[in-house]
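Following: one structure in structure tokens, then a few remarks.
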There are 2 protein chains.
Amino acid sequence: MNEHRDTGLRLTPQRIAILDCLKGNKRHPSAEDIYRVVRIKFPTMSFATVYSTLAVLKEKRKVVELTIDAGKKRYDPETLSHNHLICVVCKKIVDAATSDTPRLRGREEQGFKLIASHTDFYGLCPGCREHYAGQEDNYVCRS
Amino acid sequence: MNEHRDTGLRLTPQRIAILDCLKGNKRHPSAEDIYRVVRIKFPTMSFATVYSTLAVLKEKRKVVELTIDAGKKRYDPETLSHNHLICVVCKKIVDAATSDTPRLRGREEQGFKLIASHTDFYGLCPGCREHYAGQEDNYVCRS
DNA sequence: GTGATTGCAAACTGTTTGCATTTTG
DNA sequence: CAAAATGCAAACAGTTTGCAATCAC
């Protein structure tokens, strides 16, 4: 009945709220971001529930964990391969399409069995751009 | 006199040990990895010193912070732009050269001022490959 | 000598775990 | 009704901070 049946997980009201929060969410929210949203409907919601639901969703490939933001995991309901554009000041993350996918130079694979790849782009978002234009050098970009 | 003079920071014995540990280090060590190494020579060395030195080095662009590994920062003394190849099982990180650099599709920049980009490649390293071959599907790759 | 660095401990942030209670299928 | 999820609190890991003692320049 419920639109989230296909996740294959037991649908508790809390989980439905989390799934609703994630559905089509392009903000790449952290666990706390999600917690704050679902807690509006479920004041008793605990962090442990958010984390355990995210763990199950990750296992079922319904969500992907991003490590772009140091010291805080962020989650992306878009699990098809895509790239990101990250603001080095406010850490906003938006999806980015690229014109091509880079390849490792043949002999550079060093015995690795390749599974996937993705590219992160760093920059200043429109908002931060205003305040920090010309100070790009002050920001370290590499993840 | 000391080979690390050019870093522009006050050279205490502890800092020299940290710089020695980082010099040419291709292992992308975490703060703890560094701590364990320098503590052999300086048993009184504290974590705070490692972190504060890393903070200064980061500021002076002598080292770059990697967020590839969730929940644990790793450091790279190679500050020129380059890419990484990461083992999804043991988190080993090695440098990788690519044949090309992807570009954002023109209208995709969404008002961002671009500063930099890099590509992460995921796979199984030679060692883990043996034990986990055929189980690639069990590993989530996206950072 | 003075300002920066060290070492220690305590504080903090984000995440994980144990367990009694409740709920889903 | 059995297996799984919740909520709470406590435990954890990694990182940061405050401060007195020490050290580099």
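Table: residues versus (1) in contact (Cβ under 8 Å) with a residue 24 or more places away in the chain; (2) within 7 Å of another protein chain (Cβ to nearest Cβ); (3) among the hydroxyl-bearing types (Ser, Thr, Tyr).
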site	(1), (2), (3)
A:64	no, yes, no
A:113	no, yes, no
A:116	yes, yes, no
A:134	no, no, no
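You will find that of B:64, B:56, B:37, the residue that is touching a Ser or Thr at 6+ places or on another chain (Cβ under 8 Å) and β-branched (Val, Ile, Thr) is B:64 and no other. Exactly one residue out of B:57, B:124, B:104 is within 14 Å of DNA strand C (Cβ to nearest atom) and either within 7 Å of another protein chain (Cβ to nearest Cβ) or over 28 Å from residue A:75 (Cβ atoms) (or both): that is B:57. Could you look through the range A:20-62, keep only residues that are closer than 24 Å to residue A:85 by Cα and among the small types (Gly, Ala, Ser), and pick out the one that is nearest to DNA strand D (Cβ to nearest atom)? Residue satisfying both the conditions and the ranking: A:31.
Is at least one residue of the range B:47-54 surrounded by 21 or more Cβ atoms within 10 Å (Cβ to Cβ), more than 11 Å from chain A (Cβ to nearest Cβ), within 30 Å of residue A:128 (Cβ to Cβ) and modelled with pLDDT of 95 or more? Within the range B:47-54 (the criterion being surrounded by 21 or more Cβ atoms within 10 Å (Cβ to Cβ), more than 11 Å from chain A (Cβ to nearest Cβ), within 30 Å of residue A:128 (Cβ to Cβ) and modelled with pLDDT of 95 or more), the answer is yes, since at least one residue qualifies.
Counting the residues of the range B:73-99 that are part of a loop (DSSP other than H, G, I, E, B), more than 19 Å from residue B:59 (Cα to Cα) and within 16 Å of DNA strand D (Cβ to nearest atom) gives 3.
Restricting attention to the range A:20-33, the residues that are part of a helix (DSSP H, G or I) and within 12 Å of DNA strand C (Cβ to nearest atom) add up to 3. Quick check: is even one residue across the range A:100-110 touching a residue at least 12 places away in the same chain (Cβ under 8 Å) and loosely packed, with under 15 Cβ neighbours inside 10 Å? Yes, the conditions are met somewhere in the range A:100-110. One residue stands out among those in the range B:71-97 that are touching a residue at least 24 places away in the same chain (Cβ under 8 Å) and within 15 Å of DNA strand C (Cβ to nearest atom): the one that is nearest to the other protein chains (Cβ to nearest Cβ), which is B:73.
The conditions of being near DNA strand C (Cβ under 8 Å from one of its atoms) and either within 26 Å of residue A:120 (Cβ to Cβ) or in contact (Cβ under 8 Å) with a residue 24 or more places away in the chain (or both) are not met by residue A:52.
For the range B:5-15, the count of residues that are modelled with pLDDT of 95 or more and crowded, with 17+ Cβ neighbours inside 10 Å is nonzero.
With respect to the conditions (1) away from DNA strand C (no atom under 16 Å from the Cβ); (2) part of a loop (DSSP other than H, G, I, E, B); (3) more than 14 Å from every other protein chain (Cβ to nearest Cβ), residue A:40 falls short on a single one, namely (2).
The values are calculated or read from the model by the stated rules, or taken from the named source; none is laboratory data. Small disclaimer: the values here were computed from a predicted structure and weren't measured. Quick reminder, even Gly has a Cβ in these numbers, built from the backbone with ideal geometry, and neighbours come from all protein chains shown.
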